[in-house]
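In what follows, a structure is listed as structure tokens, so that the remarks can point back to it.
The values are calculated or read from the model by the stated rules, or taken from the named source; none is laboratory data. Computed from a predicted model, the values in this text were never measured in an experiment. When we count neighbours, we look across all protein chains shown, and the Cβ atoms used for this are built from the backbone with ideal geometry, even at glycine. With ligands, DNA and RNA removed, areas are computed over all heavy atoms of the protein, side chains included. Shrake-Rupley method; radii C 1.70, N 1.55, O 1.52, S 1.80 Å.
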Amino acid sequence: MSKHYAVFGHPVAHSLSPRIHAAFGRQTGIAVDYRAVDVEPGHFAQALADFAAHGGAGANVTLPLKLIAFELCDDVTERARRAGAVNTLIRNGDAWHGDNTDGVGLVRDLTARHGLDLRARRTLLLGAGGAARGVAPALLDAGISELYVVNRTAARADALADALGEPGRVHPRYLDDLRALGEFDLIVNATSAGREGGLAAALPHSLVGRRTAAVDLNYGEAAIPFLAWARAAGCHDVVDGLGMLVEQAAESFARWHGVRPDTDAVYAELRERDAVLVTAD
Ligand code: NAP
């Protein structure tokens with residue numbers, strides 16, 4: 001049976017992952033059969049079982065399924081365990097092995113592509129969903145000083161802070177507290193609010209200092225409100241999530257195929273496409 005790969009999400013029709021993995025396949029000479037599968041959370045377990053039965057060898061998982069994917073795995077990597085969320089599934093015999101490549105993807109994009117030194121940065125993480133869980137441990141490992149976690153649903157920020165297990169360094173706070181938190185050197189938007197709007201209006205400019213880098217895990221139109229806020233507030237660096245998307249995909253590709261593709265050409269091609277998308281109409 002030939003091997004299949006997929007990204008599961010809801011919604012997922014606009015995912016760039018099939019295009020990225022096809023480009024990696026052309027570059028490395030590996031035939032890649034990778035498609036997008038839209039599945040609601042309640043049907044994900046069955047869809048994944050069907051996928052495995054029909055030759056599914058690996059999958060990416062995107063919103064809102066990363067926490068469920070973690071529960072469906074038979075074993076997980078250390079970085080997925082710390083995240084409590086899985087974005088990469090690897091079929092191992094009759095079992096699913098889970099990994100999380102979001103954190104390493106973000107850190108590689110910020111440090112290697114954008115030249116940012118993350119060490120000692122006082123950091124604000126907006127959001128506590130699957131993506132926030134993936135990137136938080138990697139940011140701590142990259143040497144940020146303190147991590148403040150703020151989420152619309154406060155209980156999820158508390159749960160993420162608890163799971164990270166570093167009470168001296170990680171502090172959950174309420175959205176209403178933002179004005180009292182002072183300046184940050186790094187602000188990471190890991191919410192999906194861009195799709196609905198409203199988050200940027202709740203962010204005071206007092207969060208921004210002389211060398212603040214603002215990073216949105218979103219890209220394209222979904223990143224416009226937060227990135228516009230960051231520029232208006234005077235952030236020193238403003239980065240969207242396109243580079244992270246390519247880096248986390250390369251890490252997944254390496255897990256499945258044993259080869260790490262070169263990401264620069266694929267990133268450049270998508271950036272060109274994204275510029276068209278952002279400036280359209
Ligand atoms: P998720 O698990 O569904 O979590 C969504 C998060 O956004 C939650 O913290 C949620 O808060 C918050 N949120 C949603 N609407 C909001 C609003 N109107 N105002 C304030 N907060 C709001 O999704 P996810 O997997 O974490 O993904 C989050 C975003 O990151 C997505 O847009 C995704 O596309 C992007 N992402 C990008 C990459 C990349 O490679 N560039 C990788 C992963 C994710 P509540 O807890 O209160 O609901």
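Test Asp94 against the stated conditions and say whether it is acidic (Asp, Glu), more than 15 Å from the ligand (Cβ to nearest atom), surrounded by fewer than 17 Cβ atoms within 10 Å (Cβ to Cβ) and in the same structural domain as Ser192 (by TED's automatic domain parsing). When the stated conditions are applied, Asp94 does not pass them. Applying the selection to the stretch 6-43, what residues are open to solvent by 30 Å² or more (accessible area, probe 1.4 Å) and among the small types (Gly, Ala, Ser)? Selection gives Ala13, Ser15, Ala22, Gly29, Ala31, Ala36, Gly42.
Hey, can you tell me all the residues within the stretch 230-248 that are over 13 Å from the mean Cα position of the chain (by Cα) and aliphatic (A, V, I, L, M)? Listed by number, the residues that qualify are Ala230, Ala232, Ala233, Val238, Val239. Among residues of the stretch 52-67 being near the ligand (Cβ under 10 Å from one of its atoms) and part of a helix (DSSP H, G or I), the one that is surrounded by the most Cβ atoms within 10 Å (Cβ to Cβ) is Lys66.
Restricting attention to the stretch 249-264, which residues are polar (S, T, N, Q) and closer than 19 Å to Ala36 by Cα?
First, pick out the residues of the stretch 249-264 that are polar (S, T, N, Q): 252, 263.
Once the filter is applied, which keeps residues that are polar (S, T, N, Q) and closer than 19 Å to Ala36 by Cα, the stretch 249-264 yields only Ser252.
Here is the figure for the stretch 113-146: residues that are within 15 Å of the ligand (Cβ to nearest atom) and not in a loop (DSSP other than H, G, I, E, B) total 14.
Collect the residues in the stretch 151-170 that are among the β-branched types (Val, Ile, Thr) and within 13 Å of the ligand (Cβ to nearest atom), keeping them in residue-number order.
Within the stretch 151-170, the first condition is being among the β-branched types (Val, Ile, Thr), and the residues that meet it are 153, 170.
Thr153 - this is the single residue of the stretch 151-170 that is among the β-branched types (Val, Ile, Thr) and within 13 Å of the ligand (Cβ to nearest atom).
Can you pull out every residue in the stretch 147-175 that is in a helix (DSSP H, G or I) and within 23 Å of Leu110 (Cβ to Cβ)? Correct list: Ala157, Leu160, Ala161, Ala163, Leu164.
Conditions tested, residue by residue: (1) among the aliphatic types (A, V, I, L, M); (2) under 18 Å from the mean Cα position of the chain (by Cα).
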site: Tyr5; (1), (2): no, no
site: His21; (1), (2): no, yes
site: Ala36; (1), (2): yes, yes
site: Gln46; (1), (2): no, no
site: Asp50; (1), (2): no, no
site: Val61; (1), (2): yes, yes
site: Pro64; (1), (2): no, yes
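Every test in (1) in a helix (DSSP H, G or I); (2) modelled with pLDDT under 95; (3) surrounded by fewer than 19 Cβ atoms within 10 Å (Cβ to Cβ) is passed by Arg82 save one, and that test is (3). Looking across the stretch 224-237, just one residue is touching a Gly at 6+ places or on another chain (Cβ under 7 Å) and buried (at least 23 other Cβ atoms within 10 Å of the Cβ), and that is Phe226. Being farther than 30 Å from Arg211 by Cα, free of Cβ contacts under 8 Å to residues at least 40 places away in the same chain, of a type in the set (Phe, Trp, Tyr) and not assigned by TED's automatic domain parsing to the domain that holds Leu164 is not true of Phe24.
Taken together, Gly25, Gly42, Gly58 contain a single residue that is modelled with pLDDT of 95 or more, out of contact with any His (no Cβ under 8 Å at 6 or more places or on another chain) and more than 19 Å from Arg255 (Cβ to Cβ), which is Gly42. Taking (1) open to solvent by 10 Å² or more (accessible area, probe 1.4 Å); (2) within 15 Å of the ligand (Cβ to nearest atom); (3) under 16 Å from Ala85 (Cα atoms) in turn, Arg173 satisfies each apart from (3). In summary, helices (runs of 4 or more DSSP H) completely within the stretch 176-281 and bearing 3 or more residues that are within 13 Å of the ligand (Cβ to nearest atom), out of contact with any Leu (no Cβ under 7 Å at 6 or more places or on another chain) and touching a residue at least 40 places away in the same chain (Cβ under 8 Å) occur at 242-257.
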